[in-house]
Amino acid sequence: MERRFEREIEGLKTSLIKMASVVEDNVASAVQALLKEQKDLAEKVIAGDERVNELELENDNTIVDLLALQQPVASDLRFIIAAQKINNDLERIGDHAVNIAESAQTFAATHEQEPLLEIPKMCDIARGMLKDAIDSFINVDPVLAKRVLERDDEIDDLNRKTIRAVIELIRTDMKSLEVGLELTRVSRNLERIGDLTTNIAEEVIFQVQARVVKHHAEDRTDVHKIH
Amino acid sequence: MSRRSPILGFSFMTATGLASLVIVSAVVLVIVDIVTEGMHTLTWQFLTDEPREGMTAGGVFPAIIGTFYRVILMSIVGVPVGTITAIYLTEYASQQSVFARMIRFAVNTLAGVPAIVFGLFGLGFFVQFVGQNMDQVLTGGADLRWGQPNLLWASLTMALLTLPVVIVAVEEAIRTVPRELREASLALGATKWQTIWKVVLPNSMTGVLTGGILAVSRGAGEVAPILFTGAAYFLPHLPGSLSDQFMELGYHVYIMATQSPDVEATRGIQYATTLVLLVFTFSLNLVAVLLRYRIRKRLRT
Amino acid sequence: MAMTEPQIRLRAENLNIHYGTKHAIKDVSLDIPSNQVTAFIGPSGCGKSTFLRALNRMNDLIETAQTTGKVLFDETNVYDPGVDVVELRKRIGMIFQKSNPFPKSIYENVAYGPRIQGEGDKRKLDEIVERSLQQAALWGEVKDDLDKSGLALSGGQQQRLCIARALAVEPEVILMDEPASALDPIATAKIEELIFELKERYTIAIVTHNMQQAARVSDRTAFFYLGELIEYDETKRMFTAPSKKQTEDYVTGRFG
């Protein structure tokens, strides 16, 4: 007999998956708007963030209900805690996508082809990490989640490289200051998206294995381990 | 104190053991005595034959029939009246009501009244008052039919005697039916009467039967109340109607033991008659036990 | 989120109940909405069971009980002298804390209610018995064994049998007095799931000393203390942000 509680948990999961797919779309659209300088697409992304915020509020409500009224324990509890954090993470990824879309609008306005340095590569990695993190949540796959964690270093590297390249660019040509600033903005947002998807992957691992892996907790002897 | 307790405990145990032994032996002795003395006289002929030759020979068939009729009548009157009274006392009467307390007081007193007093009451009230008035009303006093000791008055007197037994037993049985069952029935929209009829009574049936059997056992053996209300020493024929007198086993023994012309010759008959009475009572109890067992089994499955 | 005003099934107005000198229910007014589950919580002796039993006049069985005030059911005060209590109890059924099936067969237990109302047609009774047992989520477990004694079932099954028995009379309201307190967690979960299903067709009021159960199962919760109604609100609010400190202390377990 499927209990009403189980149905509600499934409902929460479905809502998060829906939210994730909207966020994934927004990130992809924002990236494309940036690379192809498509002003309309950028506008769509900015407008589409409202839906993401709506879903975040709905999920918050559901989570409070479940915690207050159903007294979940064990795997149900871990799922709900993970869901709460993933909910927030997805909303912030959505915000970063909006930032990228705003940069895309600025680039599109200048009608010039801008040098994008490492940005395209970072976009690829970020989108890949996001997709894998979300898939690992849907399929409850801690192995896939672990792989996401490993790629974060790459994107951090690329971000640093981009910033150094921008500094060089500005030094050689002061007129490219604005473009340079916009590029750093995009790079930082992509790097943040990478960080947030890493968070999501860490939550998935917590949910499944009851292990806290964030902040290298496993290397610390004073951190309480949940068995 | 603690040093005396084991001794105290032990002597208490011994005392109760001895007491039980005494009681059991007494019963065994009585039964053995009756059986051995009466066995040889107890033949099929004895049971089916009339007394002959001034009670010195023959059988006790009429007495058996008389006892039988009396017991049946007594139960038909006593058990329903007692049951209904018990139901009233437990289910309907408020605990504080004066009427209920009066009834209880009456029941308790009745239980303590000596049997012979019932007999006198039966004579004075049923035979002389009710009976004679009935004759006045029915036949204008010409035919002295109901104003005499007979089967009806004797049975009614016995019913009165056994009433307290029935009431107490049934009351006990009704009280053991848990309150939750009553509440369940009422919560389903049953009236109080429906609840009693369909839930309380079926569940206290064993108690009702016990009450009935106890009453019958007590009544079957009592002789005093029927002395002047209907029993006769010798009758040429069996009682044909309620207004007839009847012969009776217990009474028969009494008469033979005290007023027979030849006590020695009738000794065998006395013992045999007593034995019949004993067997009668025992088998009644046995029937009751079996009935209760079957009803209890039916309620459990 | 806008909600349509729910229809009110039962309304208590200034209800006061005394047991002799003890003032057990002090001026309580409460609305019970249709097709919802309303829970009454509070510490032992707070009067929640007394209040519940006042709704179908089961307190009448207690000699020392005196009730003043009104309980309105379909605009009629159930305590009006002209009210037929027997009829009332057909429309407002009750489930008790300790399951109390009759010592009869499962079939006869469920058929008891319809029978005393005069239903004698065997086929109709068969229908009613099957339907009630299905609604009580017990049919599958007992359908081949209807002649078995009701007492031979497990505790949880007995309680569902009592629910089926109450449903057979087709009440509009079902009152439950701690229906799962004598049951193990699995049997309790089954009863809670059943309550959730039943509220679609019936109005349910439940007394429970287990407030987590109230949180899981009810739409509205009323908190009683020493005979008074302290707070009555949507269950969600009672358990996330109650208005009264007393309520907060009770649900967080800080009570003495």
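Here r is the Cβ-Cβ distance between B:Ser20 and B:Asn285 and R0 is 25 Å; the resulting FRET efficiency, rounded to 0.05, is 0.75. Packing order of peptides B:190-201, A:70-81, C:79-90, highest average first: B:190-201, A:70-81, C:79-90 (average count of other Cβ atoms within 10 Å over each peptide's residues).
Inter-chain neighbour count for B:175-186: the average number of beta-carbon atoms from partner chains within 10 Å of each residue's beta-carbon is 4. Projecting the Cα atoms of B:Val32, B:Val60, B:Leu8 onto the charge dipole of region B:3-105 (Cβ charges, centred on the Cα centre) puts B:Leu8 farthest toward the positive pole. Residue by residue along C:233-243, Cβ atoms of other protein chains within 10 Å of the local Cβ number 2 on average.
If you take every DSSP beta bridge fully contained in the protein assembly as shown, what fraction is antiparallel? Give it as a percent rounded to 5. Spell out each step's value before the answer.
On the way: 27 of 45 bridges.
If we restrict to bridges inside the protein assembly as shown, about 60 percent are antiparallel.
A P(r) calculated from all alpha carbon pairs of region A:135-195, with 10 Å bins opening at zero, reads 22, 36, 23, 13, 6 percent. Sequence-distant contacts, meaning Cα pairs under 8 Å at least 6 residues apart, place the relative contact order of region B:108-155 at 34 percent.
For chain B, the calculated P(r) over all alpha carbon pairs, in 20 Å bins from 0 to the bin holding the longest distance, is 26, 49, 23, 2, 0 percent. Based on Cα contacts under 8 Å between residues 6+ apart, region B:122-245 shows a relative contact order of 38 percent. If you take the Cα centroid of region B:90-162 and the Cα centroid of region A:167-211, the two points sit 109 Å apart.
Size estimate for the protein assembly as shown follows the Kirkwood approach: the inverse of mean 1/r over distinct Cα pairs works out to 34.9 Å.
Based only on the alpha carbon positions, what is the Kirkwood hydrodynamic radius of region C:127-256, in angstrom?
Mean inverse Cα-Cα distance, inverted, gives 16.1 Å.
Residue-normalised convex hull volume from the C-alpha trace of region A:18-141: 87 Å³ per residue.
Computed over region C:1-131, relative contact order equals 22 percent, with contacts defined as Cα pairs under 8 Å that lie 6+ residues apart. Orientation-averaged projection of region B:1-123 equals 15.5 nm² [convex hull of Cα atoms, one quarter of hull surface area].
For chain C, the Kirkwood hydrodynamic radius from C-alpha pairs, put into Stokes-Einstein at 10 °C and a viscosity of 1.306 mPa s, yields a diffusion coefficient of 84 µm² per second. The length gained by stretching the chain between B:Arg179 and B:Phe99 to full extension, at 0.36 nm per residue less their Cα-Cα distance, is 26.4 nm.
Average partner chain C-beta neighbours within 10 Å, per residue of C:94-104? Can you show the working numbers first?
Details: counts 5, 2, 4, 1, 2, 2, 9, 3, 8, 10, 6.
Shielding by partners across C:94-104 averages 5.
The listed peptides B:159-167, C:240-248, A:203-211, ordered by packing as a protection proxy, come out as B:159-167, A:203-211, C:240-248 (highest mean of other Cβ atoms within 10 Å first). Label separation (A:Asp40 vs A:Ala210): 5.4 nm, computed from points 7 Å beyond Cα along the C-beta direction.
Helix content alone sets the calculated 222 nm mean residue ellipticity of chain B: runs of n ≥ 4 DSSP H residues at -39500 (n - 2.57) each, divided across all residues, give -22000 deg cm²/dmol. In chain C, the DSSP-assigned H stretches of four residues or longer account for a calculated mean residue ellipticity at 222 nm of -10000 deg cm²/dmol, using -39500 (n - 2.57) per stretch and the full residue count as denominator. Counting only DSSP beta bridges with both residues in chain C, the antiparallel share comes to about 60 percent. Placing dummy labels 7 Å off each Cα toward the beta-carbon, the span from C:Thr252 to A:Thr14 is 3.6 nm. Could you check the simple spin-label distance between B:Ile295 and B:Val117, using points 7 Å along Cα→Cβ, in nm with one decimal? For the pair B:Ile295/B:Val117, the computed spacing is 3.1 nm. For chain A, a Gaussian network of Cα nodes joined below 10 Å ranks A:Ser21, A:Ser103, A:Ser29 by mean-square fluctuation, and the top entry is A:Ser21.
Toward the positive end of the charge dipole of chain B, with +1 on the Cβ of Lys and Arg and -1 on the Cβ of Asp and Glu, the farthest Cα among B:Ile295, B:Leu278, B:Val199 is that of B:Val199. Its Kirkwood hydrodynamic radius, worked out from the mean inverse distance over all distinct Cα pairs, puts region B:188-243 at 15.1 Å. List, in the order given, every pair from C:Lys98/C:Lys190; C:Lys90/C:Lys199; A:Lys39/A:Lys85 whose Cα-Cα distance in the structure shown is over 27 Å. Distance filter (> 27 Å) returns A:Lys39/A:Lys85.
Positive end of the dipole of the protein assembly as shown (Cβ unit charges, origin at the Cα centre): among A:Ala83, B:Gly230, C:Pro81, the Cα lying farthest that way belongs to B:Gly230. Which number comes out as Rg/Rh for region C:57-152 once both Rg and the Kirkwood Rh are worked out on C-alpha atoms? Dividing the radius of gyration by the Kirkwood radius yields 1.06.
Working note: Cα atoms of region B:148-301, range along each principal axis, descending, whole Å: 70, 32, 24. Expressed as a fraction of 2.2 N^0.38 Å, the value expected for a compact globular protein of N residues, the C-alpha radius of gyration of region A:68-218 is 1.23.
Each reported figure results from applying straightforward, stated rules to the coordinates on display, with no laboratory input. Everything quoted here is computed from the prediction, not taken from an experiment. Quick reminder, even Gly has a Cβ in these numbers, built from the backbone with ideal geometry, and neighbours come from all protein chains shown.
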